[in-house]
Structures are given as structure tokens and as C-alpha cells.
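Engineer: Quick one: the structure is below, and I'll ask about it shortly.
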Amino acid sequence: MLEINELSKIYPGGTQALKAVTFNVPKGQFLAVIGLSGSGKSTLLRCINRLIEPTKGQIIWNGIDLAALPENEMRLYRRKIGMVFQSFNLVLRSTVLTNVLSGRLGYINPAWSFLNRFSKQDYLDAMKQLERVGIADKAFQRADELSGGQQQRVSIARAMMQNPEIMLADEPVASLDPVLAHSIMQYLDKINKELGVTVICSLHFLDLVHRYADRVIALNNGYVVFDGLPSEIDDMKFKEIYGRDAERVG
Ligand SMILES: Nc1ncnc2c1ncn2[C@@H]1O[C@H](COP(=O)(O)OP(=O)(O)OP(=O)(O)O)[C@@H](O)[C@H]1O
């Protein structure tokens, strides 16, 4: 169980991006986070693994408050929290395999030279992860030779090398066309259903929320304005989340 208690984030310029955000995520849930651009979705996801430092509040995971941990201890917990990004964040000039292996970096001695750091088992695991996302044949290509959808699959494989218990996905399909969007969502779904990894995924399109999420929370201007089942988002709730002039497109 992950418990977010009264989490707030005020950026140095004074923008209050999260306002006492509170919710729980049971282990193994697929939680979607929705809301207009600027509502605080990225800030929330990045506060959970402390890529962004929360200003106030608690992030309690297995009884430990992650928000209160010193950075050196947080690093150990961060290993168990994978993350994928809208823009994939691969090292484009490195091979696909090297990118995937870098997911293990949190587990090994940083003093070792890059290529000697990884065990044979790491290489076997990296190939297995690439097989899981259907691109083992691309292992020795440079990452920048891959399409956007393929790059996102590499980034999922990289995150899976951490052996994560939680996967944070920050608008993982926002840069992809709808067909590819479904294929990426299906990989996240598989990781969730087959391996029991908790997924917290921000999404723009409600049809994806309906299809893949067990539950959804909506942010508006840093506040949680909805917490429930995707099927509970009727027209009235939709207007509360997105504003009264908003129209559904998907
Ligand atoms: N590094 C930063 N410094 C200052 N303000 C920021 C920073 N990052 C985000 N913000 C502000 O915090 C608020 C929430 O932004 P955030 O990126 O979390 O929203 P979002 O819902 O993820 O938006 P999008 O869907 O466009 O990615 C916005 O007002 C944004 O301008």
C-alpha cells in the first residue's frame, strides 16, 4: 500500500502545484491520474519517487515515509520504483541493450567501469525484458534508429530491469499515435496483471483510462477533485474535472 498524505508542492517561483493531495494506492492497482495540462500530474508522479522534492506531506510506502528519507536512503527505495516518461529519456547514441542495462545501475557499484558493471545474468535479463516488449531483434541498434513507439518499449524494458514494485508512467503515450498508444498501454497492463506491479499512470485520453485503469484520480489546479472508478466519470464529473467548457474527444 502506498499512502499519500496531504502532499503539497510549492515551486521556487511560488506556483503551488499540489495542494494537500491525499489518496491511497493498494498494491497491484492500476491507477490513472487525469487532469488538464498544468493540473499537477507530472509534479505528483515525480514527488512519489522524489525526482521533485515535495514541500510538505507524507509518502508512506510499506510503513516508511519516503518524503522524510535522506537522499542516500531514498536511492535504495527509488530502485523499486520504475519510471517511464512521455519523451522516453533514452541515451539516443547508445544501443538499445545498453539503455536497458542502465536500468540496473541502481543495483551495482558505480566505481566499476560501465561495461564491466553488468553480470551475465544482467545481460540475459535485459534480453528477456526486450523480448517481453517484442523488440529483442533491435538490441544492438542505436536507440535513435527506433520509432517513438519502439523507444517507449525500450524505456519500459529499462524500467523493468529495476525489478520495480511500482511503475510511474508520466503520460507514456502522449507522443504516440492511437494504435501505438494501445500497444504501449498493453505492455503496462501486462506488467500490472501478470507481475503484480502497481502502476500509476497519467493519461490524457479517457478512453485509455476506461480501458486500462482500475481506478482514477483527477487533479484540478493541484487539488484532487475526483477519486473513483473510471465508469463513475459521467458528464457532470467530467465538467468538474476539465472545466465546464470542455468537450469529450475520446
Ligand atoms: N520546475 C517548475 N518550476 C516552476 N513551476 C513549475 C515547474 N514544473 C511545473 N510547474 C508548474 O506547476 C504546475 C503543475 O505542473 P505539472 O507539470 O505538474 O502539470 P501537468 O498536469 O503534468 O501538466 P502537463 O499535462 O502539461 O504535463 C503548473 O502550473 C506548472 O506551470
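Engineer: Looking at segment 176-198, I want the residues that are at positive phi and have a partner that is open to solvent by 10 Å² or more (accessible area, probe 1.4 Å) and assigned to a loop (DSSP other than H, G, I, E, B) with Cβ atoms under 8 Å, at least 6 apart or on another chain. Which pairs are those?
Structural biologist: Filtered contacts from segment 176-198: Gly196/Lys27; Gly196/Gly28.
Engineer: Quick test of your reading of the structure: Ala67 fulfils all but one of (1) part of a helix (DSSP H, G or I); (2) touching a Leu at 6+ places or on another chain (Cβ under 9 Å); (3) within 9 Å of the ligand (Cβ to nearest atom). Name the failing condition by number.
Structural biologist: The single condition Ala67 does not satisfy is (3).
Engineer: Any idea which residue in segment 2-16 is farthest from the ligand (Cβ to nearest atom), counting only those that are in a strand (DSSP E or B) and open to solvent by 10 Å² or more (accessible area, probe 1.4 Å)?
Structural biologist: Among those that are in a strand (DSSP E or B) and open to solvent by 10 Å² or more (accessible area, probe 1.4 Å), it is Glu3.
Engineer: Yes or no: segment 212-221 includes at least one residue that is more than 16 Å from the ligand (Cβ to nearest atom), part of a helix (DSSP H, G or I), out of contact with any strand residue (DSSP E or B) (no Cβ under 9 Å at 6 or more places or on another chain) and at negative phi.
Structural biologist: Scanning segment 212-221, I find no residue that is more than 16 Å from the ligand (Cβ to nearest atom), part of a helix (DSSP H, G or I), out of contact with any strand residue (DSSP E or B) (no Cβ under 9 Å at 6 or more places or on another chain) and at negative phi, so the answer is no.
Engineer: Just a yes or no: is a residue in segment 113-127 among the basic types (Lys, Arg), assigned to a loop (DSSP other than H, G, I, E, B) and farther than 30 Å from Val224 by Cα?
Structural biologist: Yes.
Engineer: Can you tell me which residue in segment 18-56 is farthest from the ligand (Cβ to nearest atom), limited to those that are open to solvent by 10 Å² or more (accessible area, probe 1.4 Å) and assigned to a strand (DSSP E or B)?
Structural biologist: By that ranking, first place goes to Asn24.
The values are calculated or read from the model by the stated rules, or taken from the named source; none is laboratory data. In this text the structure is predicted, and so the values were computed from the model without any measurement. Glycine gets a Cβ as well: all are built from the backbone with ideal geometry, and neighbour counts include every protein chain shown. The area values use the complete protein model at the heavy-atom level, side chains included, leaving out ligands, DNA and RNA. Shrake-Rupley method; radii C 1.70, N 1.55, O 1.52, S 1.80 Å.
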